[in-house]
1. Where a ≥ b ≥ c are the square roots of the eigenvalues of the C-alpha gyration tensor, would you call the range 245-311 rounded, which needs a/c under 1.5, or, failing that, prolate if a/b is larger than b/c, or oblate?
2. Classify the range 158-307 as rounded, prolate or oblate, taking a ≥ b ≥ c as the square roots of the eigenvalues of its Cα gyration tensor: rounded when a/c is under 1.5, otherwise prolate if a/b is larger than b/c and oblate if not.
3. Is it possible to state the helix-based mean residue ellipticity at 222 nm for the chain, with each DSSP H run of 4+ residues giving -39500 (n - 2.57), the sum divided by total residues, to the nearest 500 deg cm²/dmol? What is it?
4. Based on the Cα atoms of the chain, what semi-axes does the equivalent ellipsoid have, where each is the square root of 5 times one gyration tensor eigenvalue, given in whole Å with the largest first?
5. Just need the relative contact order of the chain here, percent rounded to a whole number, with Cα pairs under 8 Å and 6+ apart.
6. Quick check on the range 1-63: take the gyration tensor over C-alpha atoms, sort the square-rooted eigenvalues as a ≥ b ≥ c, and tell me if it's rounded (a/c under 1.5), prolate or oblate.
7. If I fit a long axis through the Cα atoms of helix 226-236 and take the longest principal axis of the Cα atoms of the chain, what angle between them do I get, 0 to 90°, rounded to 10?
8. To the nearest 10 degrees, how steep is helix 110-124 against the longest Cα principal axis of the chain, on a 0 to 90 scale?
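Read the figures in this text as sums done on the coordinates, not as results from a lab. Being a predicted model, the structure only gives us computed values, none of them experimental. Ideal geometry is used to build each Cβ from the backbone, glycine not excepted, and the neighbour counts take in all protein chains shown.
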Amino acid sequence: MEGVIDAVTRSLLTRSSGFDWAVTEFVRIVDARLPARVFHRHCPELKSERVATPSGVPVHLQLLGSDPRALALNARQALCLGVTSLDLNFGCPAKTVNRHDGGASLLRDPRRVERAVAAVTAAVEGRIPVTAKIRLGFDDRRLALACARAAERGGASQLVVHARTRQEGYRPPAHWEWIGRIRQRLRIPVVANGDIWTLEDYWRARTLSGCRDVMLGRGALADPWLAPRIRHWQLTGERLPATPWSARAEILAAFAAEQRSTLPARTVASLIKQWLNHMRQRDAEAAQRFATAKRHTDLDALLAALLDPVDAEPASRRIADRRRPAPA
Ligand SMILES: Cc1cc2nc3c(=O)[nH]c(=O)nc-3n(C[C@H](O)[C@H](O)[C@H](O)COP(=O)(O)O)c2cc1C
């Protein structure tokens, strides 16, 4: 996820079990072949032999672009640098990206999705998998299936579907049943994405889409133990208790310790607030901590406010999990 899931965050989120793979922030492809340092900056995991997080979770490099020739050039470059999987972004709703003909703007013409995917799969000559991610459409869902089929015809080996159109932005609900319609008509694996915040959401998304796998976005930032919670439930049928504030504080502190070795302290403070902002959407104590912590620009004062037991509520109270019944 652009601007939020860098290599440090990937490393921390995958310390516990639950993730089968992770994706880099996007490399924006315009025309020329980009220098190696750009790929290394987006994917420091290229230094590891398996292109994986320290805990061994494979990392896929994400490309965002629309010109098939430029995408092919850069896919080739990525392959030479040792990338083990490429993911193409046809979902980004950002106005600046769409104005420059990238991300979800290609969903207006399925032929362009097919050409982009085909150019990249041809460039890597089947040596690494090429996957794609789409939304259900740009303005409406009329071309949802056509775009999914186009990605498959282009040679994508897997398709992630964010169950909303570009027009719908991030507004709930995610239309998981639409992912099911697509899944039934494709031969490649389809992965369900959108609004999976809890174990119950996971269960409903799986049930309504029929997909075996899901992709977590904001939910994994809001609750870094969502993926382990899902995996634990898959393996044992047991529900783990709600994530306590102390566990959230620990991951934020580890994030700060790692980031401050390379970034200015003020930048790290902003990044911590950005992550805390995701956490507060779904957790009462994180919301309370955010209210106190947001005024701090000094990193150490910010961390003290997050770690201070005096500020804590007696127990972290979950906001969102109350809406839906537990899976059977
Ligand atoms: C800050 C932010 C950055 C994102 N960056 C990307 C991206 O680089 N590539 C992509 O395919 N989707 C990106 N997305 C979309 C998410 O991957 C995901 O499809 C969307 O948020 C819905 O899933 P969620 O409800 O689990 O977050 C981003 C979303 C957010 C909120």
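1. Note, shape of the range 245-311 comes out prolate.
2. Details: a/c = 2.44, a/b = 1.95, b/c = 1.25.
Here the range 158-307 falls in the prolate category.
3. Details: 14 runs with 145 residues, N = 328.
Computed ellipticity for the chain at 222 nm equals -13000 deg cm²/dmol.
4. Details: eigenvalues 216, 117, 62 Å².
Whole-Å semi-axes of the equivalent ellipsoid: 33, 24, 18.
5. Details: 606 pairs, mean separation 39.4, N = 328.
It rounds to 12 percent for the chain.
6. Verdict is prolate for the range 1-63.
7. Helix 226-236 sits roughly 90 degrees off the main axis of the chain.
8. 90 degrees
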